[in-house]
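S.K.: Sharing a structure with you now.
The values are calculated or read from the model by the stated rules, or taken from the named source; none is laboratory data. In this text, all values refer to a predicted model and were calculated from it rather than measured experimentally. Quick reminder, even Gly has a Cβ in these numbers, built from the backbone with ideal geometry, and neighbours come from all protein chains shown.
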Amino acid sequence: MCGIVGIAGTRDVAPVLMEALRRLEYRGYDSAGIATLVDGVIERRRASGKLNKLDVVLKQTPLAGHTGIGHTRWATHGTPTEANAHPHSTARVAIVHNGIIENFRELKAELVAKGHSFESQTDSEVAAHLVSQYLDDGLAPGEAAKTAVARLTGAYSIAMIFKGHEGLLVGARKGSPLALGFGETESYLGSDAFALAPFTNRVAYLEEGDVAVIQGIDVAIFDAAGRPANREIKITTASAAIVEKAGHSHFMAKEIHEQPVVIGHTLAHYLDPAGPSVRRLGVGLRPALASATRLTISACGTAYYAGMVGKYWFEKLARLAVEIDVASELRYRDPVYPEHGAALFITQSGETADTLAALRDAKAQGQTTIAIVNVPESSIAREADINLPTYAGPEIGVASTKAFTCQLAALASFAIAAGVARGHLTAEDEKSLCASLLETPRHIAELLKQEAQIKAVAEKVAKARDVLYLGRGPSYPLALEGALKLKEISYIHAEGYAAGEMKHGPIALIEEDVPIIVIAPHDQYFEKTISNMQEVMARGGKVLLISDAKGVHMAGKTWASITVPTTNAFITPLLYAVPVQLLAYFAALARGTDVDQPRNLAKSVTVE
Ligand code: F6R
């Protein structure tokens, strides 16, 4: 989603802004632009499409200036044209914005009545004109910015530069993240510490309602009430190294292949191989789990499906009642939280707007909030009471792969600990479950060797217009995840269903050219799922079965099959995620889509 960068610098900043924007590309965007002060005057360069187009524009008409802002835009209001690209500006101020200004219509009407004219269809442009109006009214830039942002409703992070004010940069945050970077001779603003990593590792995060007024290396922060505020400067762990594809054609392929290693890192954090046992959870979590009456789980997209798998584990291993909902529903549903309950939020980016809002709501309602997060310095990692990190490393491909399986690894460890804390698992059970979990990286490495066979099957699937995924028990969320992965990167219409639901409607969709992907490890659900599979085949459906050797053998002849290593049923969700990811990846490849940055999608969904 939109990426922001700002520099109060001591050198020509256009190339530096471009470098920072490249580091924000992974968030997903469809236009980009930068603005600098050239001899005190605001100048802009913008382009629709990817950064290489902006690069061409900058080569044709270079931009000097030591103070500047840059933006990658993920369109919300108005198509991704050059006119809608940020920075938006008047003669006096230029702004870049991430988020949605909900009251932009009222503000625009007010400003039009005062003689302002607008060039774009965006909500963001109104912020530039509002600040400009307060400058016209005689306010100094910092005051004009503070007065203007106080009138904005919705979510935003904003960076601004001002005509005639060299070295002045103003940043504001409400709802969307904004980091402040402290250099030796320069100061920076950025959507995340990753964007700022090549310039500085000294970073502070603005809090809700903060406005930062930066003049060169002097920084003044004001809180939502306008009082001077201090925000702790942290040494960020974000790496300045550009994440490379390491010989793979796409980040997604690289990230799929990294899974044995990063799952290993995540498990190493939670499990003691000497036991094996669960060694580490957040402080206070075990007693909270022992007495919890219910656990509420919430997340979005793929992270939500990880949570669904978690529900099966918590119920089975810990006899812990779980309520689960997508964050965009939970936050508006007026949920009934149990007294002293616990609420778990799962997120790769740690910035997903709905997940963050649901966490804040749960906290306000007295829940102990726990977060499984991949980005350590993100808003959710900072705001949750208890932080359970995953160690997937930076995930650049928009489609989540390694973050998902690392979330499963953390959830599985957490569920075992809950089972022990609640007296449902013996030390022997803990040992055996942890031992199975520790085997996961090895099994996944084995599974990845089947890439060529999976590619061949995926190329057949790629010819379909519609695909159905079926699963039962913990394989049901995987069916949902498989369908999501396929549709988001190959644009093939796909749906996931609980296998038992087929007869209640979806079976009407069965036709010869609709592949049905059945995820069915040989576990307690196998016989039932295979009966559902037979019903599909009896109606001419062509089945691709994903199972272990015994399952494939017992199921008999199918259109195609993928054989997954045979393991303890507990860890099958981690293993079966891999063929599901590879199927989507190779189907997308066969269809020639943009695998790492699929159309319309963003990596970090910071608007609701
Ligand atoms: C799908 C995908 C999304 C994310 C979702 C939540 O491949 O990546 O569905 O899982 O947007 O994002 P995070 O985990 O950052 O909260």
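S.K.: Yes or no: region 340-363 includes at least one residue that is more than 14 Å from the ligand (Cβ to nearest atom), more than 15 Å from residue 288 (Cα to Cα), crowded, with 24+ Cβ neighbours inside 10 Å and modelled with pLDDT of 95 or more.
M.R.: Among the residues of region 340-363, at least one is more than 14 Å from the ligand (Cβ to nearest atom), more than 15 Å from residue 288 (Cα to Cα), crowded, with 24+ Cβ neighbours inside 10 Å and modelled with pLDDT of 95 or more, which makes the answer yes.
S.K.: Could you list, ordered by first residue, the pairs with Cβ atoms under 7 Å in which the first is in region 202-231 and farther than 19 Å from residue 176 by Cβ and the second is among the aromatic types (Phe, Trp, Tyr) and not in a loop (DSSP other than H, G, I, E, B), at least 6 apart or interchain?
M.R.: That search, which allows pairs on different chains as well, returns 202/182; 228/222.
S.K.: Name the residue, out of 398, 420, that is β-branched (Val, Ile, Thr) and within 11 Å of the ligand (Cβ to nearest atom).
M.R.: One residue alone meets the criteria, 398.
S.K.: Still on this model: Condition (residue is assigned to a helix (DSSP H, G or I), within 16 Å of the ligand (Cβ to nearest atom) and in contact (Cβ under 8 Å) with a residue 12 or more places away in the chain) applied to region 425-432: is it met by at least one residue?
M.R.: Taking region 425-432 and keeping what is assigned to a helix (DSSP H, G or I), we get 427-432.
Narrowing further to those that are within 16 Å of the ligand (Cβ to nearest atom): none.
Within region 425-432, none of the residues are assigned to a helix (DSSP H, G or I), within 16 Å of the ligand (Cβ to nearest atom) and in contact (Cβ under 8 Å) with a residue 12 or more places away in the chain.
S.K.: With a cut-off of at least 3 residues that are under 29 Å from residue 185 (Cα atoms) and not charged (D, E, K, R), name the strands (runs of 3 or more DSSP E) lying wholly within region 28-99.
M.R.: Those strands (runs of 3 or more DSSP E) span 31-38, 67-73.
S.K.: Please work out which residue is farthest from the chain's Cα centre (by Cα), limiting yourself to region 276-301 and to residues that are within 18 Å of residue 440 (Cβ to Cβ) and at pLDDT 90 or above.
M.R.: Once the filter is applied, the top-ranked residue is 276.
S.K.: Quick one: which of 486, 545 is touching a residue at least 60 places away in the same chain (Cβ under 8 Å) and either part of a helix (DSSP H, G or I) or away from the ligand (no atom under 16 Å from the Cβ) (or both)? Don't jump to the end; show me each part of the working.
M.R.: Numbers: 545 fails: touching a residue at least 60 places away in the same chain (Cβ under 8 Å).
Of 486, 545, the one residue that is touching a residue at least 60 places away in the same chain (Cβ under 8 Å) and either part of a helix (DSSP H, G or I) or away from the ligand (no atom under 16 Å from the Cβ) (or both) is 486.
S.K.: Further question: Can you name every residue in region 373-389 that is touching a residue at least 40 places away in the same chain (Cβ under 8 Å) and over 15 Å from residue 284 (Cα atoms)?
M.R.: 375, 376, 377, 378, 379, 382, 389
S.K.: Pick from region 567-608 the residues that are away from the ligand (no atom under 11 Å from the Cβ) and among the basic types (Lys, Arg): which of them is modelled with the lowest pLDDT?
M.R.: So, considering only residues that are away from the ligand (no atom under 11 Å from the Cβ) and among the basic types (Lys, Arg), the one modelled with the lowest pLDDT is 599.
S.K.: Related question: Return the only residue of 374, 387 being within 23 Å of residue 269 (Cα to Cα), polar (S, T, N, Q) and surrounded by fewer than 20 Cβ atoms within 10 Å (Cβ to Cβ). Before you say what the answer is, go through the steps one by one.
M.R.: Details: 374 fails: surrounded by fewer than 20 Cβ atoms within 10 Å (Cβ to Cβ).
When all the criteria are applied, what remains is 387.
S.K.: Given the criterion away from the ligand (no atom under 16 Å from the Cβ) and assigned to a helix (DSSP H, G or I), identify the matching residue among 317, 281.
M.R.: 317
S.K.: Ok, one more. From the list 601, 582, which residue is in contact (Cβ under 8 Å) with a residue 24 or more places away in the chain and either surrounded by 23 or more Cβ atoms within 10 Å (Cβ to Cβ) or touching a His at 6+ places or on another chain (Cβ under 7 Å) (or both)?
M.R.: Numbers: 601 fails: either surrounded by 23 or more Cβ atoms within 10 Å (Cβ to Cβ) or touching a His at 6+ places or on another chain (Cβ under 7 Å) (or both).
Just one listed residue meets the conditions, 582.
S.K.: Go through region 285-303 and count every residue that is within 16 Å of the ligand (Cβ to nearest atom), of a type in the set (S, T, N, Q) and assigned to a helix (DSSP H, G or I).
M.R.: Residues meeting the conditions: 1.
S.K.: Being over 31 Å from the mean Cα position of the chain (by Cα), assigned to a loop (DSSP other than H, G, I, E, B) and of a type outside the set (Lys, Arg) is the filter here; which residues of region 551-591 pass it?
M.R.: Within region 551-591, 556, 558, 559, 566 meet the criteria.
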